[in-house]
Amino acid sequence: MAWALKLPLADEVIESGLVQDFDASLSGIGQELGAGAYSMSDVLALPIFKQEESSLPPDNENEILPFQYVLCAATSPAVKLHDETLTYLNQGQSYEIRMLDNRKLGELPEINGKLVKSIFRVVFHDRRLQYTEHQQLEGWRWNRPGDRILDIDIPMSVGIIDPRANPTQLNTVEFLWDPAKRTSVFIQVHCISTEFTMRKHGGEKGVPFRVQIDTFKENENGEYTEHLHSASCQIKVFKPKGADRKQKTDREKMEKRTPHEKEKYQPSYETTILTECSPWPEITYVNSPSPGFNSSHSSFSLGEGNGSPSHQPEPPPPVTDNLLPTTTPQEAQQWLHRNRFSTFTRLFTNFSGADLLKLTRDDVIQICGPADGIRLFNALKGRMVRPRLTIYVCQESLQFREQQQQQQQQQQPQQKHEDGESNVYHAIYLEELTAVELTEKIAQLFSISPRQISQIYKQGPTGIHVLISDEMIQNFQEEACFILDTMKAETNDSYHIILK
């Protein structure tokens, strides 16, 4: 019993002795070093702490992403710590992007043995330019007709299936690939960063772009619309070999800095790892329904200039888009964009419709230059280009056919002429003067498909049918009048058209 009472006393003595020893050991810290010998910033600046800090990943990087995309181009050494990496590319040069599968065992089993779709985009990094992206790209399209902003170098790419590019989306390409197989896609960017600066005076700082990749899997309907992963990186594009010179310049500038200044900048890495980001809004680039890859492959194909049946092109602008004196300055700016005068919108910022219409031909040429000045002057005056040939046609009615037969029997040509004038005629304007163009215009006039018209004949002497050719159309008289008669074709459901 006595032993049991003494046990807490012994523990108390031991604990108090340990506390005193620990306090004594702490009491000398800082006194031997002297006041101000080390500051906290100096301690944290030691290499051991820097290495430990850089090796600790952020909280959002602890999670291993299902895919990783690596751009095989070196990052700039002139980027400060904690800033996003910046990579310089040469215009038109092929750069490899490796598509890596980082899934853990059992992760996303629904895509095992299946293909996924990745959409590549080159977009603006600057938020201000993102708001006017459509106008910026349209201006680039008119300045570079027939060119694309982003292309795939198919011969150099490995593992990509069915690469496609929409002719109306110059900055977007897409393809299918198997995550279980090696996949590398080589891309080419054809625009340069200085093409989108406000005005060119020399020595401008080009705007940065972003390369973004969005990856999707199939849904129940076989369409690639279920989002899996998105990543992007920041780039600048220079004229050929300009990226190499810029990289060398940045490297030489960094070598001239002191070691203390160098610590504020990132090292240059041989490759660029795209970082995770939000998926690109579908409403901007992917129409509804999405141009997915389905079994019929009805979507657009790389190198083809025609759209698919499911991907309807944008309606053409109205034929008459004349500027009115009552047009406000804001509406005048929109008119300039619609008519391919985007480069002059800043010059005419405060001009209303009345102000623009008051300009003389010499005024416009002096402001915009000879080529664009004449084009703008003609657009302001609403001058339309006259067609090469105009003909008038009307569809022969059953009543007129019966009257014509009676007149032939009674030999009354004068009455036939008078009755013929009572029919309603429509104008057809021809530019190419070909039989194909005439077929399309007649089909459009009567709301039928051109495939329903087998041949077009012209009624000759004694009622013979002469096949219409390009040369015959080129010899038509201006404002000639014809009556259209139809005759069932022998082989299929199409018809022959006879011009009388």
What's the number of the only condition in (1) crowded, with 18+ Cβ neighbours inside 10 Å; (2) without any contact (Cβ under 8 Å) to a residue 40 or more places away in the chain that Ile111 fails to meet?
(2)
Go through (1) charged (D, E, K, R); (2) at pLDDT below 90; (3) under 30 Å from Phe175 (Cβ atoms) one by one and return the number of the condition Glu276 breaks.
(2)
Residues in the stretch 322-339 that are assigned to a loop (DSSP other than H, G, I, E, B) and either hydroxyl-bearing (Ser, Thr, Tyr) or buried (at least 17 other Cβ atoms within 10 Å of the Cβ) (or both): how many?
4
Condition (residue is modelled with pLDDT under 90, open to solvent by less than 80 Å² (accessible area, probe 1.4 Å) and touching an Asp or Glu at 6+ places or on another chain (Cβ under 6 Å)) applied to the stretch 469-483: is it met by at least one residue?
yes
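Given the options Val173, Val207, name the one that is in contact with a strand residue (DSSP E or B) (Cβ under 8 Å, 6 or more places away or on another chain), assigned by the TED database to the domain that holds Thr272 and open to solvent by less than 10 Å² (accessible area, probe 1.4 Å).
Details: Val207 fails: open to solvent by less than 10 Å² (accessible area, probe 1.4 Å).
Of Val173, Val207, the one residue that is in contact with a strand residue (DSSP E or B) (Cβ under 8 Å, 6 or more places away or on another chain), assigned by the TED database to the domain that holds Thr272 and open to solvent by less than 10 Å² (accessible area, probe 1.4 Å) is Val173.
Name the residue that is farthest from the chain's Cα centre (by Cα), counting only residues in the stretch 156-168 that are closer than 30 Å to Asn219 by Cα and open to solvent by 40 Å² or more (accessible area, probe 1.4 Å).
Taking the stretch 156-168 first, the residues closer than 30 Å to Asn219 by Cα are 157-168.
Remaining after also requiring open to solvent by 40 Å² or more (accessible area, probe 1.4 Å): 158, 161-162, 167-168.
Details: Val158: 23, Ile161: 20, Asp162: 18, Pro167: 9, Thr168: 7 Å.
Checked the stretch 156-168; the qualifying residue farthest from the chain's Cα centre (by Cα) is Val158.
How many of the residues making up the stretch 226-264 are open to solvent by less than 50 Å² (accessible area, probe 1.4 Å) and under 30 Å from Asn102 (Cβ atoms)? Full working, then the answer.
So in the stretch 226-264, the residues open to solvent by less than 50 Å² (accessible area, probe 1.4 Å) come out as 228-237, 242-243, 247, 250, 254.
Checking which are under 30 Å from Asn102 (Cβ atoms) leaves us with 228-237, 243, 247.
Qualifying residue count, the stretch 226-264: 12.
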In the list Ser422, Ser397, Ser447, which residue meets the criterion of being open to solvent by 80 Å² or more (accessible area, probe 1.4 Å), at pLDDT below 65 and among the small types (Gly, Ala, Ser)?
Ser422
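Here's a check for you: in the stretch 68-108, which residue that is charged (D, E, K, R) and touching a residue at least 60 places away in the same chain (Cβ under 8 Å) is farthest from Lys246 (Cα to Cα)?
Among those residues, the one meeting the criterion is Arg103.
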Can you tell me which residue in the stretch 265-274 is most open to solvent (accessible area, probe 1.4 Å), limited to those that are touching a strand residue (DSSP E or B) at 6+ places or on another chain (Cβ under 6 Å) and not polar (S, T, N, Q)?
Tyr269
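Suppose we filter the stretch 222-262 for residues that are in a loop (DSSP other than H, G, I, E, B) and free of Cβ contacts under 8 Å to residues at least 24 places away in the same chain; how many remain?
The total comes to 2.
Here's the yes/no breakdown for (1) surrounded by 10 or more Cβ atoms within 10 Å (Cβ to Cβ); (2) modelled with pLDDT under 85; (3) assigned by the TED database to the domain that holds Pro155; (4) out of contact with any helix residue (DSSP H, G or I) (no Cβ under 7 Å at 6 or more places or on another chain):
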site	(1), (2), (3), (4)
Ala35	no, yes, no, yes
Ser41	no, yes, no, yes
Lys50	yes, yes, no, yes
Asn62	no, yes, no, yes
Pro77	yes, no, yes, no
Thr87	yes, no, yes, yes
Gly92	yes, no, yes, yes
Gly106	no, yes, yes, yes
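Is it the case that some residue within the stretch 114-128 is more than 17 Å from Gln212 (Cα to Cα) and in contact with a helix residue (DSSP H, G or I) (Cβ under 7 Å, 6 or more places away or on another chain)?
Taking the stretch 114-128 first, the residues more than 17 Å from Gln212 (Cα to Cα) are 114-115, 128.
Adding the requirement that they be in contact with a helix residue (DSSP H, G or I) (Cβ under 7 Å, 6 or more places away or on another chain) leaves none.
Checking the stretch 114-128: not a single residue is more than 17 Å from Gln212 (Cα to Cα) and in contact with a helix residue (DSSP H, G or I) (Cβ under 7 Å, 6 or more places away or on another chain).
Kindly provide the set of residues from the stretch 470-500 that are closer than 15 Å to Glu431 by Cα, in a loop (DSSP other than H, G, I, E, B) and of a type outside the set (Phe, Trp, Tyr), ordered by number. Steps first, answer last, please.
Residues of the stretch 470-500 closer than 15 Å to Glu431 by Cα: 470-479.
Cutting the leftovers down to in a loop (DSSP other than H, G, I, E, B) gives us 475-479.
Those that are closer than 15 Å to Glu431 by Cα, in a loop (DSSP other than H, G, I, E, B) and of a type outside the set (Phe, Trp, Tyr): Asn475, Gln477, Glu478, Glu479.
Take the conditions surrounded by fewer than 21 Cβ atoms within 10 Å (Cβ to Cβ), of a type in the set (Val, Ile, Thr) and in contact with a strand residue (DSSP E or B) (Cβ under 8 Å, 6 or more places away or on another chain) and apply them to Ile119. Does it pass?
Details: surrounded by fewer than 21 Cβ atoms within 10 Å (Cβ to Cβ): no; of a type in the set (Val, Ile, Thr): yes; in contact with a strand residue (DSSP E or B) (Cβ under 8 Å, 6 or more places away or on another chain): yes.
It is false that Ile119 is surrounded by fewer than 21 Cβ atoms within 10 Å (Cβ to Cβ), of a type in the set (Val, Ile, Thr) and in contact with a strand residue (DSSP E or B) (Cβ under 8 Å, 6 or more places away or on another chain).
Filter the stretch 145-165 for residues that are touching a residue at least 12 places away in the same chain (Cβ under 8 Å) and out of contact with any strand residue (DSSP E or B) (no Cβ under 8 Å at 6 or more places or on another chain); which is farthest from Phe175 (Cα to Cα)? Lay out the reasoning, then the answer.
Step one: list which residues in the stretch 145-165 are touching a residue at least 12 places away in the same chain (Cβ under 8 Å), which gives 147-154, 156-165.
Now restrict to residues that are out of contact with any strand residue (DSSP E or B) (no Cβ under 8 Å at 6 or more places or on another chain): 147-148.
Values: Asp147: 20, Arg148: 17 Å.
Taking the candidates together, the pick is Asp147.
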Single unsatisfied condition, Thr343 versus (1) touching a residue at least 12 places away in the same chain (Cβ under 8 Å); (2) open to solvent by less than 40 Å² (accessible area, probe 1.4 Å)
(2)
Mind checking whether some residue in the stretch 127-148 is out of contact with any His (no Cβ under 6 Å at 6 or more places or on another chain), open to solvent by less than 50 Å² (accessible area, probe 1.4 Å), closer than 30 Å to Glu220 by Cβ and aliphatic (A, V, I, L, M)?
no
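The values are calculated or read from the model by the stated rules, or taken from the named source; none is laboratory data. Since this is a predicted model, take the numbers as computed values, not measurements. All Cβ positions, glycine included, derive from the backbone under ideal geometry; neighbour counts span all protein chains shown. SASA here: full protein model, heavy atoms, side chains in, ligands and nucleic acids out. Shrake-Rupley method; radii C 1.70, N 1.55, O 1.52, S 1.80 Å.
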